[in-house]
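No value in this document is a laboratory result; all are computed from the given coordinates. Computed from a predicted model, the values in this text were never measured in an experiment. Cβ placement follows ideal geometry from the backbone for every residue including glycine, while neighbour counts extend to all protein chains displayed.
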Amino acid sequence: MKRAALLLLAAIALIAGVWAAFAPRPGHPPLASLPAVPVPAGNPMSEDKLRLGRMLFFDPRLSGDASTSCASCHVPQLGWTHNDALAPGYPGHRLWRNNPTVLNAAHYTRLMWDGTLDSLEVQARSAMQAPVEGNGKATMVEMRLRLVPEYVALFRQAFGTEWPQLDHAWQAIAAFERTLVSDPQQVPFDRHLAGDTAALSEAARRGLALFEGKAGCIQCHHGALATDEGFHALGVPRQPLYDSHPLVQIAVRWQNVQRDVPQAVYRGLEEDLGRYYRTREPADIGKFRTPTLRELKYTAPYMHNGAIATLRDVVDFFDAGGGSAPNKSPLLKPLGLSDGEKSDLVAFLESLSMERPLIVEAPVLPPTLPLDGGGEQCEPPVKGRT
């Protein structure tokens with residue numbers, strides 16, 4: 001009798017241990033479906049504005065040499081990002097970070113890997129005017145827009161102004177980007193949350209249990225966007241292009257100089273300093289914003305520097321407890337996942353993406369008036385690169 005009681009207690013303890021390992025961890029919002037897109041009071045949506053914003057998103061005339069549009073780096077067919085490890089940037093340049101997708105960016109409260117920007121309007125302006133990205137000089141680009149009769153009419157319809165103004169261009173692009181969101185009917189996990197018991201595969205269901213339990217992903221990836229929007233040092237592997245690509249080396253050094261980072265800080269470092277650029281706190285060196293897990297299936301490679309190629313590689317990285325960093329997050333510990341558990345976790349992560357990618361075709365861009373005022377209208381030098 002005593003032996004039977006002991007066996008019963010042992011069985012109860014084992015079950016409790018398994019439940020503790022796989023049950024959702026307390027203190028974090030649960031995963032959820034995306035709410036309605038927040039629209040700022042100062043930039044309400046309208047059909048005219050969305051039509052204009054779509055055109056401007058694909059129009060390279062907003063850049064310095066009229067070669068680079070928003071869609072050059074945020075390619076619809078590539079998950080509204082780019083499949084290069086590091087974003088391509090302005091011709092003759094190379095950027096130092098992996099390109100975040102604009103899909104669902106309307107739901108972020110912080111933008112960029114270091115959280116520098118706080119709105120899509122500011123991000124559009126920053127990208128198109130930064131010397132290594134769009135390199136578009138404000139006065140020049142505004143005059144270009146005024147030489148496009150269709151744009152003059154569209155700006156007047158959308159904003160009531162006699163002539164195109166750049167601040168309105170950024171508002172129109174931001175409004176268009178607020179339409180680039182996941183369709184919950186196409187996202188298996190969203191259908192699961194809505195009560196569709198067949199939406200998730202058995203592997204994805206097991207992966208969800210791991211995500212919320214043993215793997216601990218829920219600690220940083222929770223809520224509707226599956227991100228805490230916090231900043232963490234993970235010890236992500238070094239991007240080999242930092243050593244082999246001269247334009248990347250120049251870009252890394254340039255960003256330190258133009259952000260007024262003290263030489264004593266950056267001379268001995270050849271890594272991206274991350275959140276430090278915003279806060280100037282040494283404890284923030286190497287910390288980056290937690291990205292959304294939505295639409296991961298279409299947005300490889302991963303991490304702030306594009307150093308991890310596949311979702312399985314990402315899972316392997318976290319299973320090993322992350323990489324090496326002086327201020328690495330204490331949340332990272334070896335997980336001891338089996339191969340089967342890793343595959344299940346990948347299956348769940350993929351269920352956070354739409355079954356078909358969101359594609360918006362590039363519009364036909366309106367022509368520019370010739371500078372001499374006569375003859376045929378000039379076609380755009382480069383149509384929105386996709």
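Data for the structure
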{"quantity": "Stretch gain in nm, segment ALA153-GLU355, where the contour uses 0.36 nm per residue and the Cα spacing is subtracted", "calculated": "68.9 nm"}
{"quantity": "Trypsin sites (Lys or Arg not before Pro) within segment 80-147, DSSP loop, no more than 15 other Cβ atoms inside 10 Å", "calculated": "LYS137"}
{"quantity": "Two-site label geometry, HIS28 and ASN327: point separation in nm, points 7 Å out along Cα→Cβ", "calculated": "2.2 nm"}
{"quantity": "Sequence-distant residues sharing a close amide H with LEU117 (under 5 Å, placed H)", "calculated": "LEU111"}
{"quantity": "Distant-in-sequence amide H partners of ILE308 (H built 1.01 Å from N, under 5 Å)", "calculated": "TYR302"}
{"quantity": "For segment 55-67, Karplus couplings with θ = phi - 60° (6.51, -1.76, 1.60), whole Hz, Gly/Pro x", "calculated": "5, 5, 4, 9, 8, x, 5, 7, 9, x, 9, 6, 10"}
{"quantity": "Among TYR302, TYR266, TYR90, residue whose mean-square fluctuation peaks in a GNM of the chain (springs only between Cα atoms under 10 Å)", "calculated": "TYR266"}
{"quantity": "The chain: C-alpha gyration tensor shape, a/c 1.5 cut-off, then a/b vs b/c", "calculated": "prolate"}
{"quantity": "Of PRO301, PRO246, PRO188, the one that fluctuates the most in a GNM where the chain has Cα springs shorter than 10 Å", "calculated": "PRO246"}
{"quantity": "Max mean-square fluctuation residue, GNM over the chain, Cα-Cα springs under 10 Å, options GLY340, GLY89, GLY134", "calculated": "GLY340"}
{"quantity": "Cα gyration tensor shape for segment 47-177, rounded if a/c is under 1.5, else prolate or oblate", "calculated": "prolate"}
{"quantity": "Listed peptides 29-36, 76-83 by packing density, highest first (mean Cβ within 10 Å)", "calculated": "76-83, 29-36"}
{"quantity": "Calculated from backbone phi, Karplus (6.51, -1.76, 1.60) coupling profile of segment 104-115 in Hz, x at Gly/Pro", "calculated": "6, 5, 4, 8, 6, 9, 9, 10, 6, 5, 9, x"}
{"quantity": "Placed amide H near ALA226: partners under 5 Å, 5+ positions off or other chain", "calculated": "ALA32"}
{"quantity": "Note, ³J(HN,Hα) from phi for segment 285-291, Karplus 6.51, -1.76, 1.60, rounded to Hz, x at Gly and Pro", "calculated": "4, x, 8, 9, 5, 5, x"}
{"quantity": "Rounded to 10°, Cα long-axis angle of helix 339-350 versus longest principal axis of the chain", "calculated": "40 degrees"}
{"quantity": "Cα centroid separation, segment 239-254 to segment 191-230 (Å)", "calculated": "36 Å"}
{"quantity": "Per-residue [θ]222 nm for the chain (sum of -39500 (n - 2.57) over DSSP H runs n ≥ 4, rounded to 500)", "calculated": "-10500 deg cm²/dmol"}
{"quantity": "Highest average packing first - 189-198, 161-170, 282-291, Cβ atoms within 10 Å", "calculated": "282-291, 161-170, 189-198"}
